[in-house]
Every structure is written in C-alpha cells, then in structure tokens.
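Encoded as structure tokens, the structure appears first; notes follow it.
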C-alpha cells in the first residue's frame, strides 16, 4: 500500500469513529433532558393538586374522634351577650340568732360552705363571770319562775271563792309550767357550758358572722343558713338593649370556675323580673331569672351570660367546637373527600355559647368538621414539614 492510499484509509476510520461518538452523546443528552422534564412536570402537577388539601386518613380521623356536619340553613335565636352574678334566693335563707346576751363559744367547727343538719349544735352563749345588761339568765329565769308560781297558787285559792274564772286559772298554770321548763333548760345549758344555739334548718352555712369569744346581744344574728334549692341569675344588660328586654325568653350561662354551659330552661328556670330603669345611675339594667340549683352551682359566683331572644330563620350556624383561631381570625375545616380536608376562614355572627352564627365563608352542603378540628389542624401542620431525604 502506497503512502497516499494509507493516509486516506486512516482519515476515513477517524471520521466514522467521531460520527458514532457524536450520535451517542446527542441521544444520551436528549433522553436525560426529556426524563428531567417529565419528572418536573409530575412534581408540579402533584403540588398543584395538593396545595390546599390536608390529608388525614379515614381510620386515623375516626380514632381521633373527628365528626362532620353537613351545613344547612335553619332557625337561630337572637342573643344578648353580657355578664352577671348567681345569687341565693331569700326564701331559702334562715338566720341563726342569739337567744341571750353573752360571749360566743363554738361548739363545733362552723365555716362558710359547710353542710349542716337541722337541729345540729352550732354555738354556745355564756354569761358566766361577766355583767350583762339583762343580768344573769339563770337569775332572770328563776325570778320569772317564782312569779309565775305565786300567780298560779293564788289563782288556785281565788277560783274556789269564784273571784277568778277557771279560764284564768288555766292561763296561770300554763305560765307557771312554761317558766319552770325555761329555768330547768337554762340551768342545764349553763352546766354544759352555756346556752346552746342550734341550726333551725338544714342546709349550707352561707355566712358566719361571729368569731370565738365575741360578745353578742339577744336577738343578734350569728350565721345564715341557705338550702341552695332556689337560685337567682342576675344579668346586667346595657341600656342600649332596653328595647330588647321584652323579647328575652331564657338564658344560658357559664360560671367563672367552670367551662360547663348551663341552660336555664333545663333547670326549670324562668324570667322573674327585669328593671324598668337603671339603678343608681348605672349604665346597665338588671334582668333576673329564677331557677332550681342542680347542686354544683355556687351562689355568689360571677357568670358569662347569653340572653336568648326571638328566633331568626334562614341562618347558618355551627357548634362552637368547629372553630379554630389563629391570630384573631377564625377557621373551620371542610371535608373534601374521605381522607381530604380544606382549611376555610369564616366570619362569625352571634353566639349562644353552644352554637355560633356563620355569616361568611361556608355554604349549605359543605361538610364541616364539628369535633376533632384540632386533630385536623395538627395533620395540616405535620404535612407542611418537609421530610429529610438521605439520598444523594
């Protein structure tokens, strides 16, 4: 082979080799770019599909107590939201008073709120070793006894001479026997440490007005016992709501020490009265309800009160438990499908402490989470945290 022919053969081989390598690299780059485009497109599609959806599997939601209510329009009442106080009914209160003057001694532990039985000993009053305005009770009882005895004995003689009637004799006898019993009782109580003061009725001690060793006068109040069967709820209504007082038909309230919501209607309650004017220049008008105590309401406690007025039609409302709050805004969770939920901001209207009016954000037919909204919210938070990938 001559030199020229050899050079041509080498040149042809190099050309074929370069062409093959170029075709291979082009195909590889094209396939890689196409694969990257498909992956990016798939990721974009998934992201667009699940941007607003919260995934909480049905079985997990059921286990967490998630409940859903289908939204519909219906009746909802007007509400006046205010505050007030629970007070004892005067007909349920009994005063414990001193029967003689003297110093008070506790015969048993007496404190406000304790339960006490009718006839139970509460105090003893003694006048021993002290001068009191009315004198010693035993001496006074003895003098009264001797006077009644003389009157009775004289009447016995005079009735024989028909100077006094048989009726006058009977009166004298009764006074004598009464004075004798009083003297015996005072002597017995003195020997036991004083005149015993007992509870006239059973109930609860509302107030204890004396301390150990206090000096009291006969007739002075020592304590107040309440049976707590009847209670009053006194609501303070702003004057601007005066025109709505006539439409108030019942109330719901929540005490300062409990989250439980009480309904006056369930406790046999009713409107007892409402003020016709503001008291003492106050900006509020009192509305008073009477109801039966269920046994766990403390008289004197303050309350958050929802006064229920006339019904309104065509209103969307939800249980309070459906709401969550973030930075002053209120949200609910709408069920999109079996496992999917969507967070929705809502605007609130009036609330009766149990349900709340929704003026904007949802519509009839929406399926809203009414229980377990916090669990759905937690699922939303966990879904927003990106998982760490160890693949490199």
Additional length obtainable on full extension of the chain from residue 312 to residue 173, 0.36 nm per residue less Cα span: 42.6 nm
Those residues of region 365-380 whose amide nitrogen sits under 20 Å from the label point placed on residue 64, 7 Å along Cα→Cβ: 367-380
Length released on extending from residue 239 to residue 351, taking residue separation times 0.36 nm less the Cα-Cα span: 38.3 nm
Distance between modelled label sites at residue 187 and residue 72, nm, 7 Å Cα→Cβ extension: 8.3
Region 96-224: relative contact order in percent, alpha carbon pairs under 8 Å with at least 6 residues between: 50
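What Kirkwood Rh does region 96-224 have if only Cα atoms enter the pairwise 1/r average? Answer in Å.
Numbers: mean 1/r = 0.0605 Å⁻¹.
About 16.5 Å, per the Kirkwood formula over Cα pairs.
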Distance in nm between pseudo-label sites at residue 256 and residue 166 (7 Å out along the Cβ direction from Cα): 6.8
Least to most buried among 321, 126, 70 (fewest other Cβ within 10 Å first): 70, 321, 126
Full-extension gain in nm, residue 229 to residue 292, via 0.36 nm per residue minus C-alpha separation: 22.1 nm
Modelled FRET efficiency - R0 30 Å, residue 144 with residue 105, Cβ distances, 0.05 increments: 0.75
Region 63-93 and region 360-377: distance between their alpha carbon centers, rounded to Å: 20
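Kindly state, to the nearest 0.05, the FRET efficiency for residue 87 paired with residue 153, given R0 = 56 Å and r defined as their beta-carbon distance.
Numbers: r = 56 Å, r/R0 = 0.99.
Plugging the Cβ-Cβ distance into 1/(1 + (r/R0)^6) gives 0.50.
Set the Förster distance to 22 Å, then compute FRET efficiency between residue 329 and residue 302 from the Cβ-Cβ distance, nearest 0.05.
Details: r = 29 Å, r/R0 = 1.32.
Given R0 = 22 Å and the Cβ-Cβ separation, E is 0.15.
Just so you know, all these numbers are worked out from the coordinates, no wet-lab data involved. This one's a predicted model, so the numbers in the text were calculated from it and none came from an experiment. With ideal geometry, Cβ positions are generated from the backbone for all residues, glycine too; neighbour counts draw on all protein chains shown.
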